[in-house]
Amino acid sequence: MRIRAVRVHTAPMSESWLNQSLIANPMSEYAAYKARRSSWFGRMTAAVVEIETEDGLTGLGFAGGAKGAAVRTIVEEHFGPFLIGRDAREIELVWEQLYRASVMYGRRGLAIEAISAIDIALWDLAGKAAGKPVYELLGGGTKDRLPAYVTGNMTDRHLAEGFRDVKIALPHGPASGEQGLRENEALIGAARERIGPEGKLMLDCYMALTVPYALELLRRVRDYRVHWMEEPLPPDDLDGYRRLRERAGVLIAGGEHEYTRWGFRDLIEKRAVDILQPDIYRAGGVSELRKIAAMASAAGLPVIPHGVGAPTYHFVWSNPGSPVAEFVDIFAQGGELLLEGEPIPARGFIELGGEPGFGYRLNERAARGEVAVAPIW
């Protein structure tokens with residue numbers, strides 16, 4: 001199963017509540033960049049790596065980070081030549097060589113996101129060659145059903161869709177002062193009232209807070225029974241995470257912006273979080289999430305990956321240490337996925353079919369720029 005060609009498809013992502021609404025973020029302390037994330041993130045582009053073998057099979061893998069044009073450059077200028085002529089079944093060896101070849105400029109960020117896409121595409125190929133869905137190659141399903149929680153601040157919409165567990169994005173960080181704290185508290189209280197006493201309520205803080213601010217917010221919303229606080233601090237502040245976790249009184253989750261087994265080893269050894277949240281499109285793909293999950297299992301920590309899509313859901317379905325999957329509401333303002341056939345939750349659960357590989361295909365119209373592409377970060 002020799003690799004004949006490597007292609008990268010990119011498309012601009014559409015605007016949505018994710019990048020156009022008021023959400024606390026690392027740039028919130030600067031007035032010019034506070035109102036919306038698009039003001040500092042710049043143009044968002046999606047990228048899908050397509051790997052074709054000499055016998056006509058193709059595998060597809062999405063790259064995380066929303067900088068698809070930059071990922072395309074890395075794949076086309078550096079990684080592509082490593083792949084041509086290689087046996088597509090050498091997934092672990094390919095990962096290791098790409099990592100070592102890019103270590104001088106990689107280790108995190110764009111290079112690992114490119115490796116993630118390639119790794120996912122190779123697993124898609126492996127499933128198609130075997131005539132089996134990827135979750136069967138990973139050991140099969142580990143749950144009777146695959147539950148999902150939803151991320152977004154449109155709680156009424158999400159309850160109507162059948163979700164009961166909701167994660168809301170905080171609009172304000174420390175720079176908004178007392179008024180922002182009160183507005184955060186009001187939003188959390190309203191969400192709890194809407195979902196009722198049985199649903200789980202989580203907070204997405206997107207690296208925007210400080211330890212004192214997070215503790216004060218949690219003190220004010222104690223009666224609303226927050227299940228976890230996600231990514232409250234910058235990802236490199238592991239000591240801050242540990243201090244917060246020791247005093248928070250709720251579960252602390254993190255890892256959305258962490259990379260590879262080595263990054264998650266530090267999270268585990270520092271006892272920085274209660275829940276690990278690797279993003280399969282950023283952290284290193286299927287191969288790396290398997291290693292992260294093994295370390296997490298030994299440490300007694302659950303792995304609840306960040307993000308949406310078939311690769312994420314196949315991993316969660318096959319990993320006994322992943323009790324639930326995330327669904328980010330990326331369709332609230334319309335737009336299509338660059339990969340058609342992605343599983344969408346229904347009534348709070350995800351159904352995975354038996355199609356070979358990940359069961360998706362390239363959305364040709366989106367790849368040609370004829371339709372808007374829903375944003376995935």
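Under 5 Å from the amide H of Lys67 lie the amide H atoms of Thr45, each residue being 5 or more positions distant or on a separate chain, with H modelled from the backbone and absent for Pro and chain starts. With both residues required to sit in the chain, DSSP beta bridges show an antiparallel share near 45%. Modelled spin labels at Ala186 and Phe331, positioned 7 Å past Cα toward Cβ, are 3.2 nm from each other. Counting beta carbons within 10 Å around each of Leu352, Leu122 and listing the fewest first gives the order Leu352, Leu122. With 30 Å as the limit, the listed pairs Lys143/Lys200; Lys34/Lys143; Lys67/Lys167 have Lys34/Lys143 beyond it between alpha carbons.
Quickly estimate the mean residue ellipticity at 222 nm for the chain, helices only: each DSSP H run with n ≥ 4 gives -39500 (n - 2.57), and the total goes over all residues, rounded to 500.
One gets -10500 deg cm²/dmol as the mean residue ellipticity at 222 nm.
Taking the convex hull of the alpha carbon positions in region 1-158 and averaging its projected area over all directions gives 12.2 nm².
Among beta bridges from DSSP that stay inside region 136-357, the antiparallel ones total about 10%. Rounded to the nearest 10 degrees, the inclination of helix 177-195 to the longest alpha-carbon principal axis of the chain is 70 degrees.
Rounded to the nearest 20 debye, the dipole magnitude of region 136-357 is 760 debye, with +1 charges on Lys and Arg beta carbons, -1 on Asp and Glu beta carbons, and the Cα centre as origin. In this label model, Arg157 and Glu216 are separated by 3.2 nm, measuring between points 7 Å along each Cα→Cβ vector.
Across every pair of non-identical alpha carbons in region 136-357, the mean reciprocal distance, once inverted, gives a Kirkwood radius of 17.9 Å. For the chain, take the longest principal axis of its alpha carbons; what is the angle in degrees between that and the long axis of helix 91-101, to the nearest 10 within 0 to 90? For 91-101 against the chain, the angle is about 70 degrees. This model, with +1 at the C-beta of Lys and Arg and -1 at the C-beta of Asp and Glu, gives the chain a dipole about its Cα centre of some 500 debye.
Note on Phe41, Phe327: ascending count of other Cβ atoms within 10 Å places them as Phe41, Phe327, the fewest first. Counting Cα-Cα pairs of the chain in 20 Å increments starting at 0 gives whole-percent bin shares of 30, 60, 10, 0. Axis angle, to the nearest 10 degrees, between helix 260-269 and the longest C-alpha principal axis of the chain: 30 degrees.
Contact order, relative form, for the chain: 21 percent (alpha carbon pairs under 8 Å, 6 or more residues apart, mean separation divided by residue count). Charged neighbours of Ala366, selected by a Cβ distance under 10 Å, balance to -2 (K, R count +1; D, E count -1). Compared with the alpha-carbon gap, the fully stretched path from Gln179 to Glu351 is longer by 57.7 nm at 0.36 nm per residue. Summing charges over neighbours of Pro311, with a neighbour being any other residue whose Cβ is under 11 Å away from its Cβ, gives -4 when K and R count +1 and D and E count -1. Dipole orientation for the chain: of the candidates Ala374, Ile74, Ala169, Ala169 has the Cα lying most toward the positive pole (charges on Cβ; Lys, Arg +1; Asp, Glu -1). For region 136-357, averaging the sequence separation of C-alpha pairs within contact (under 8 Å, six or more residues apart) and dividing by the residue count gives a relative contact order of 22 percent. Among Gly56, Ser21, Thr45, pick out the residue whose Cα is farthest towards the positive end of the charge dipole of region 1-108, where Lys and Arg carry +1 and Asp and Glu carry -1 on C-beta, about the Cα centre. Among Gly56, Ser21, Thr45, the one farthest towards the positive end of the dipole of region 1-108 is Ser21. Largest GNM mean-square fluctuation across Glu231, Glu342, Glu178, computed for the chain with C-alpha springs under 10 Å, falls on Glu178.
No value in this document is a laboratory result; all are computed from the given coordinates. No experiment lies behind these values; they were computed from the predicted model shown. Cβ: placed from backbone, ideal geometry, glycine included. Neighbour counts: every protein chain shown.
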